[in-house]
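Q: Could you have a look at this structure, given as structure tokens, before my questions?
The values are calculated or read from the model by the stated rules, or taken from the named source; none is laboratory data. Everything numeric here is computed off the predicted structure, so don't read it as measured data. With ideal geometry, Cβ positions are generated from the backbone for all residues, glycine too; neighbour counts draw on all protein chains shown.
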Amino acid sequence: MTELTFRPAGLRADGALFADWWHTVDRWTIGAVALLFALGMVLALAASPPLAEKNDLWTYHYVLRHAVFAVLALGVVLGVSAVPAHLLRRGGAVAFLGFFAITLMLPAFGTDFGKGATRWYSLGFISLQPSEFLKPAFVLIAAWLMAGAAERNGPPGRLISGALAIAIATTLALQPDFGQAMLTLAVWAVMLFVSGAPLFLLIGLAGAVGLAGTAAYLNSSHFAGRINGYLAEEVDPNTQLAYAQSAIREGGLFGVGAAQGSVKWTLPDAHTDFIIAVAAEEFGLILTLLIIGIYLFIVVRALLRLLEERNMFIRLAGTGLAAAFALQAFINMSVAIRLLPAKGMTLPFISYGGSSMVAAALGVGALLALTRARPQDPGASLRDSI
């Protein structure tokens with residue numbers, strides 16, 4: 001068995017777990033994540049009070065809940081970042097089985113909260129969206145399968161992981177949640193490419209996804225409505241997208257000022273899916289670019305560290321988690337500027353939402369664990385981490 005972390009030269013000899021973690025984890029990324037949490041709190045103060053007023057709640061009801069979720073999520077990031085890679089792999093497999101099972105049970109026991117898509121379990125004081133937790137768990141088990149396929153006499157890991165990706169995408173599409181379904185397939189495709197799959201296979205998969213999208217358009221009024229709205233020459237002025245675009249234009253370079261924006265009073269999802277519109281209106285393009293820069297910093301830094309990684313499982317899992325994090329942020333912000341059709345996807349660590357925030361924390365915590373400094377053996381393989 002090969003130890004996955006190491007003690008750099010100069011580290012005190014007592015082998016304290018905290019010291020090992022502190023000297024091997026990417027502290028710059030932790031700082032960037034903490035900055036996202038801080039910006040999320042600022043934007044929660046800007047966007048949440050109008051919703052509380054509409055629902056006859058205490059002004060800072062949602063702000064307080066956001067703060068609780070943020071503290072919990074930050075703790076998850078730090079805690080998971082200390083977990084050894086082999087335990088992450090095993091935990092990911094167990095989590096995948098559990099969350100996929102409860103995702104399958106959503107049609108019978110879930111609720112749509114009046115949004116037309118059965119994606120949540122109502123637990124009284126809180127709701128749970130299992131698909132958010134399914135994403136990082138799927139990445140870990142898919143990486144394990146693909147890495148196993150690279151071993152001599154290994155299982156057909158690419159085929160099995162592909163079957164799981166299709167099963168997840170189909171389950172999510174039936175909710176309907178086409179955004180998460182497409183995100184799952186996209187992340188799997190990235191991992192497949194990194195694992196060494198031939199280009200013609202990826203092109204064929206892209207064609208298959210296109211055919212599936214066409215079938216969804218022809219058979220789902222929910223999906224067709226969003227695509228038609230996206231393709232329309234003019235945006236309906238009474239839609240959330242129109243309000244968001246107007247807010248972004250009004251914000252200009254420096255914004256209209258903290259608490260001076262108006263979009264949060266008209267956008268039902270201003271505190272979740274369209275939080276970037278609130279940021280652009282009140283704080284301008286400057287803050288928006290800062291947020292984009294932080295996401296890019298986290299993802300690029302992780303990928304650069306993974307370039308030096310020789311362990312196949314770690315390289316694939318880290319790339320998949322980084323891709324999932326980046327794509328979710330990209331999709332959320334792209335919807336607000338009408339670069340993509342509406343998806344109903346949150347902005348990691350900034351949007352309000354317990355499930356999405358804690359699930360993103362699990363993914364980023366795992367990414368930090370996988371990118372911790374470790375000795376690189378030229379002959380490293382899947383067996384080294386078992």
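Q: Which count do you get for residues in segment 101-135 that are part of a helix (DSSP H, G or I) and of a type in the set (Val, Ile, Thr)?
A: 2
Q: Condition first: assigned to a helix (DSSP H, G or I) and touching a helix residue (DSSP H, G or I) at 6+ places or on another chain (Cβ under 7 Å). Now tell me which residues in segment 54-77 satisfy that.
A: Across segment 54-77, the qualifying residues are His61, Tyr62, Val63, His66, Ala67, Phe69, Ala70, Leu72, Ala73, Leu74, Val76, Val77.
Q: I'm trying to understand the selection: among the residues of segment 8-34, which are modelled with pLDDT of 80 or more, over 13 Å from Val364 (Cβ atoms) and of a type in the set (A, V, I, L, M)?
A: Ala19
Q: Hey, among Phe96, Phe113, Phe100, which residue is touching a residue at least 12 places away in the same chain (Cβ under 8 Å) and on the phi > 0 side of the Ramachandran plot?
A: On inspection, the qualifying residue turns out to be Phe113.
Q: Quickly run through segment 293-326 and pick out the residues that are under 24 Å from Gly91 (Cα atoms), surrounded by fewer than 19 Cβ atoms within 10 Å (Cβ to Cβ) and hydrophobic (A, V, I, L, M, F, W, C).
A: Across segment 293-326, the qualifying residue is only Leu303.
Q: Residues in segment 66-81: is at least one at pLDDT 90 or above, out of contact with any Cys (no Cβ under 6 Å at 6 or more places or on another chain), surrounded by 14 or more Cβ atoms within 10 Å (Cβ to Cβ) and closer than 22 Å to Val263 by Cβ?
A: Yes, the conditions are met somewhere in segment 66-81.
Q: Looking at the structure I just gave you, is Leu87 in contact (Cβ under 8 Å) with a residue 40 or more places away in the chain and either β-branched (Val, Ile, Thr) or in a helix (DSSP H, G or I) (or both)?
A: In short, no.
Q: State whether one or more residues within segment 243-266 are within 21 Å of Ala70 (Cβ to Cβ), modelled with pLDDT of 85 or more and either surrounded by fewer than 13 Cβ atoms within 10 Å (Cβ to Cβ) or not basic (Lys, Arg) (or both).
A: No, the conditions are met nowhere in segment 243-266.
Q: Shifting gears a bit: Restricting attention to segment 274-315, which residues are in contact (Cβ under 8 Å) with a residue 12 or more places away in the chain, out of contact with any Gly (no Cβ under 6 Å at 6 or more places or on another chain) and either of a type in the set (Gly, Ala, Ser) or not in a helix (DSSP H, G or I) (or both)?
A: Phe274, Ala277, Ala279, Ala302, Glu308, Glu309, Arg310, Asn311
Q: To continue, here is another question. Looking at Leu172, Leu159, Leu145, Leu140, which is the one that is within 18 Å of Gly98 (Cβ to Cβ) and free of Cβ contacts under 8 Å to residues at least 40 places away in the same chain?
A: Leu145
Q: A further question follows. Of all residues being crowded, with 16+ Cβ neighbours inside 10 Å, over 20 Å from the mean Cα position of the chain (by Cα) and small (Gly, Ala, Ser) in segment 101-155, which is farthest from Met312 (Cα to Cα)? Just the residue, please.
A: Gly110
Q: Here's something else I'd like to know. Of the residues in segment 46-65, how many are under 19 Å from Ala279 (Cβ atoms) and in contact with an Asp or Glu (Cβ under 8 Å, 6 or more places away or on another chain)?
A: 1
Q: Find the residue count for segment 198-220, including only residues that are part of a helix (DSSP H, G or I) and polar (S, T, N, Q).
A: Of the residues in segment 198-220, 2 are part of a helix (DSSP H, G or I) and polar (S, T, N, Q).
Q: Next up: May I ask you to list the residues in segment 243-273 that are part of a helix (DSSP H, G or I) and out of contact with any Gly (no Cβ under 7 Å at 6 or more places or on another chain)?
A: Within segment 243-273, Tyr243, Ala244, Gln245, Ser246, Ile248, Arg249, Glu250, Val263, Lys264, Trp265 meet the criteria.
Q: Hey, another quick one. Is segment 333-356 home to any residue that is surrounded by fewer than 24 Cβ atoms within 10 Å (Cβ to Cβ) and modelled with pLDDT of 95 or more?
A: So far as segment 333-356 goes, no, none of its residues is surrounded by fewer than 24 Cβ atoms within 10 Å (Cβ to Cβ) and modelled with pLDDT of 95 or more.
Q: Of (1) of a type outside the set (Gly, Ala, Ser); (2) at pLDDT below 95; (3) over 22 Å from Asp269 (Cβ atoms), Thr319 satisfies all except one. Which?
A: All conditions are met except number (2).
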